[in-house]
Amino acid sequence: MTSKISFKLFLPGICALAALALTGNTMFAAEISGVKLPDQVTVAGKSLKLNGAGLRQATILKINVYAAGLYLEKSSGDGETIANSDQTKSIQMVFMRDVSAKQMADAFQEGFDKNCVAGCAELKPFISKLQALMKDLKKGDTMAIHFSSDGVDVMIRGQKMGSVGDKAFGHQLIRCWIGKNPPNSGLKEGLLGGKK
């Protein structure tokens, strides 16, 4: 009887630890609008530290779509330096409302079109491949985009959906968040270590 009660009391904590173990994250460093983001993540065997966090907001009503964290090997507050760098990078998103696969696909298309600065025509076919990997997302779901020398990996709810493009594509795709025309200025500022 006593052991059953004890187990029930500890169950929430055990579940939380299990969730952390699955994501490889052991410590939370930032909280933005109630969403906790880890201090660091591991991508391709490399430990990346949280550079900054921000909110993706939509419409003039500033509806929160997702909280995002930018993870880098070497911290930086310069979007162009980060985008052009060959270091391993990651954008981690936690959704704050339901978003359809089509909405995500459209957002990537718009972000790429507004921010690509080099080799855009040659890289555009990769956007279609990226769009094909999108899934409907519910509040609380996660998506991560990993950028490496091999291209871009897409993770949804902790599962790898696929890889797209090459290093050059990654350099342009990350500009969707930190380029000259981000979805909203607060998101870019936050990811670059400014306002959160």
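Read-outs: derived from the displayed coordinates by stated rules, not from any lab. Treat the numbers as computed from the prediction; the structure is a model and nothing was measured. We place every Cβ from the backbone using ideal geometry, glycine too, and count neighbours over all the protein chains shown.
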Discussion item. Using a Debye calculation, one point per C-alpha and no hydration shell, please list log10 I(q)/I(0) for region 39-152 at q = 0.10, 0.17 Å⁻¹ in order.
Written reply: -0.32, -0.98
Worksheet item: Taking 0.36 nm per intervening residue step and subtracting the Cα-Cα distance, what contour gain separates GLU110 from GLN159 on full extension?
Response: 15.1 nm
Item to complete: Let me have the relative contact order for region 27-191, percent, based on Cα pairs under 8 Å that are six or more residues apart.
Response: 23 percent
Discussion item. So if I take the centroid of the Cα atoms in region 134-185 and the same for region 51-116, what is the distance between those two points in Å?
Written reply: 8 Å
Worksheet item: Listed here are the pairs LYS139/LYS167; LYS62/LYS139; LYS74/LYS124; LYS102/LYS129; LYS36/LYS129; LYS46/LYS138; which of them are more than 25 Å apart at the Cα?
Response: LYS139/LYS167; LYS74/LYS124; LYS36/LYS129; LYS46/LYS138
Practice prompt. Given the peptides 137-145, 176-184, 153-161, arrange them by the average over their residues of other C-beta atoms within 10 Å, most packed first.
Written response: 176-184, 137-145, 153-161
